[in-house]
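Every number here is computed from the coordinates shown, using simple stated rules; none is lab data. None of the values given here were measured: they were computed from a predicted structure. When we count neighbours, we look across all protein chains shown, and the Cβ atoms used for this are built from the backbone with ideal geometry, even at glycine.
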Amino acid sequence: MTDFSVDSLQHVIQSRRSTKPRFFNGEMVDDDVVWKILESARWAPTHGLTQPWYFKVYTGLGLTTLADFQANWYQQTTTPDKFNPDKLERLKTNVTKASHVIVLCMKRQLSEAIPEIEEIEAVACAVQNMALTASAYSICSFWGSGGPTYTDEMKAFLGLGERDRCLGYLYLGYSDTPATTSTRMPIQSKVDWINK
Ligand SMILES: Cc1cc2nc3c(=O)[nH]c(=O)nc-3n(C[C@H](O)[C@H](O)[C@H](O)COP(=O)(O)O)c2cc1C
């Protein structure tokens with residue numbers, strides 16, 4: 001029935017790592033492959049089949065548009081005592097180092113029958129599907145949620161409604177020095193097993 005091995009699946013899951021865009025090498029990911037990555041998002045679980053995910057893909061000159069938005073947002077909303085020129089620089093360059101940036105959004109259904117948290121959870125599942133697919137293609141990814149992510153200005157820039165949410169960016173690119181290690185606590189420390 002299955003034509004994949006559980007070992008392969010486990011390998012993809014365990015070898016996926018976050019690689020920060022500053023380590024990207026400028027090589028472009030084919031748009032066709034980005035569509036394959038997006039396709040995998042479609043198969044995430046979704047309560048009531050609301051499919052609340054919505055993505056805006058920035059690439060080419062679009063990356064400059066996104067970087068300019070972030071930089072302007074930082075300059076306009078940061079008080080002089082908090083202003084950090086390095087942060088401004090990062091907001092400009094992080095995005096333009098990527099091949100593609102997939103902006104991760106949750107679009108709230110009109111009826112709001114499904115609790116908001118479940119709609120966010122469904123999008124998170126979709127993002128993980130994309131990160132795993134990217135990893136299987138040896139493409140580096142990074143889910144970033146800094147800067148303007150959760151602001152009203154971000155919603156306006158993206159054309160989102162009041163009840164929709166931006167959940168961050170999935171940066172895609174290649175790297176000559178991809179992250180290879182990360183640690184996790186043993187799962188036993190996170191599980192209570194009740195059988196009586
Ligand atoms: C919802 C979410 C938001 C994240 N936002 C950031 C972020 O803003 N900055 C950051 O350095 N890492 C961010 N990360 C990535 C984590 O730092 C990364 O997953 C963690 O360091 C573990 O590394 P690994 O993914 O390579 O195992 C985010 C991850 C998730 C799930």
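Computed quantities for the displayed model
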item	result
Kirkwood hydrodynamic radius of segment 1-72, from inverse mean 1/r over distinct Cα pairs, in Å	15.8
Extension gain, residue 195 back to residue 28 (0.36 nm per residue minus Cα-Cα distance, nm)	55.0 nm
Relative packing of peptides 3-14, 150-161, 97-108, 50-61 - highest average C-beta neighbours within 10 Å first	97-108, 50-61, 150-161, 3-14
Counted charge near residue 182, where neighbours are those whose Cβ lies closer than 13 Å (Asp, Glu -1; Lys, Arg +1)	+4
Projected area averaged over orientations for segment 130-175, convex hull of C-alpha atoms, nm²	3.8
Residues of segment 155-172 with amide N under 19 Å of the 7 Å Cα→Cβ point at residue 116	155-169
Net charge contributed by nearby residues that have their C-beta within less than 11 Å of residue 105 (K/R +1, D/E -1)	+3
Rounded to the nearest 20 debye, dipole of segment 1-147 from Cβ charges on Lys, Arg, Asp, Glu	460
Set 20/92; 36/107; 56/107; 36/56; 56/155 screened for pairs whose C-alpha atoms are more than 19 Å apart	36/107
Kirkwood Rh and Cα Rg combined as Rg/Rh, segment 88-179	1.01
Segment 93-135: Cα Rg divided by the 2.2 N^0.38 Å rule of thumb	1.47
Around residue 158: net Lys/Arg minus Asp/Glu count, Cβ-Cβ under 15 Å	+1
Alpha-carbon spread of the chain, three principal axes, descending order, Å	59, 46, 37
